[in-house]
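Student: Take this structure first; my questions come after.
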């Protein structure tokens, strides 16, 4: 079993789930924020999820307030923004840290497995990590890479 599947996280409603629930799927892990210039990417992430979920894609959103204080709300407020403004129905998780001593273990693992151009730290909101069906990290995408621009990579990983 891949290391990714050993992790767990609490969904935005407080329910603890294991990443093993996503075994056999292509997983896109994204650190999100509700008040960021990239926040409209929620719409593109939801579109990708809707288009490819039946083929095995799942998007996992992890709100984070470490970049410019752009996720100030509590979990309930974050969930409302995601659902009301962007129709998000992919799994969203409780607000976490993605960098530093309190970084969530999933992000500590992914940033080590897939370091960015400027090192392993997450640089901003909407950094995306793709995990293959076998649970192995495949690719890291910068916040500036739109969800629409990921489609070819998603299709390749789903094959």
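The values are calculated or read from the model by the stated rules, or taken from the named source; none is laboratory data. What you are looking at is a predicted structure, and each value in this text was computed from that prediction instead of being measured. So basically every Cβ, Gly included, is an ideal-geometry build from the backbone, and we count neighbours across all protein chains shown.
Student: Restricting attention to segment 18-33, which residues are surrounded by 15 or more Cβ atoms within 10 Å (Cβ to Cβ) and closer than 19 Å to residue 103 by Cα?
Tutor: Correct list: 19, 28, 29, 30, 31, 32, 33.
Student: Can you say whether residue 37 is assigned to a loop (DSSP other than H, G, I, E, B), more than 22 Å from residue 16 (Cα to Cα), out of contact with any strand residue (DSSP E or B) (no Cβ under 8 Å at 6 or more places or on another chain) and at pLDDT below 95, as far as the supplied structure shows?
Tutor: Numbers: assigned to a loop (DSSP other than H, G, I, E, B): yes; more than 22 Å from residue 16 (Cα to Cα): yes; out of contact with any strand residue (DSSP E or B) (no Cβ under 8 Å at 6 or more places or on another chain): yes; at pLDDT below 95: yes.
Spelling it out, residue 37 is indeed assigned to a loop (DSSP other than H, G, I, E, B), more than 22 Å from residue 16 (Cα to Cα), out of contact with any strand residue (DSSP E or B) (no Cβ under 8 Å at 6 or more places or on another chain) and at pLDDT below 95.
Student: Would you say residue 20 is over 15 Å from the mean Cα position of the chain (by Cα) and free of Cβ contacts under 8 Å to residues at least 24 places away in the same chain?
Tutor: Working: over 15 Å from the mean Cα position of the chain (by Cα): yes; free of Cβ contacts under 8 Å to residues at least 24 places away in the same chain: yes.
In short, yes.
Student: Further, regarding this structure: Please count how many residues of segment 115-137 are surrounded by 19 or more Cβ atoms within 10 Å (Cβ to Cβ) and either more than 21 Å from residue 36 (Cβ to Cβ) or free of Cβ contacts under 8 Å to residues at least 12 places away in the same chain (or both).
Tutor: Matching residues across segment 115-137 total 3.
Student: Could you run through segment 98-113 and say how many residues are touching a strand residue (DSSP E or B) at 6+ places or on another chain (Cβ under 7 Å) and surrounded by fewer than 18 Cβ atoms within 10 Å (Cβ to Cβ)?
Tutor: Total meeting the criteria: 1.
Student: Looking at segment 83-108, which of its residues are assigned to a helix (DSSP H, G or I) and touching a helix residue (DSSP H, G or I) at 6+ places or on another chain (Cβ under 6 Å)? Lay out the reasoning, then the answer.
Tutor: Of all residues in segment 83-108, those assigned to a helix (DSSP H, G or I) come to 83-86, 105-108.
If the condition is that a residue be assigned to a helix (DSSP H, G or I) and touching a helix residue (DSSP H, G or I) at 6+ places or on another chain (Cβ under 6 Å), then 86 is the only one that fits.
Student: Further question: On the given criteria, is residue 126 in a loop (DSSP other than H, G, I, E, B), under 22 Å from residue 11 (Cβ atoms) and modelled with pLDDT of 95 or more?
Tutor: Values: in a loop (DSSP other than H, G, I, E, B): yes; under 22 Å from residue 11 (Cβ atoms): yes; modelled with pLDDT of 95 or more: yes.
Answer is yes for this residue.
Student: On the basis of being under 28 Å from residue 133 (Cβ atoms) and modelled with pLDDT under 95, does residue 87 make the cut?
Tutor: yes
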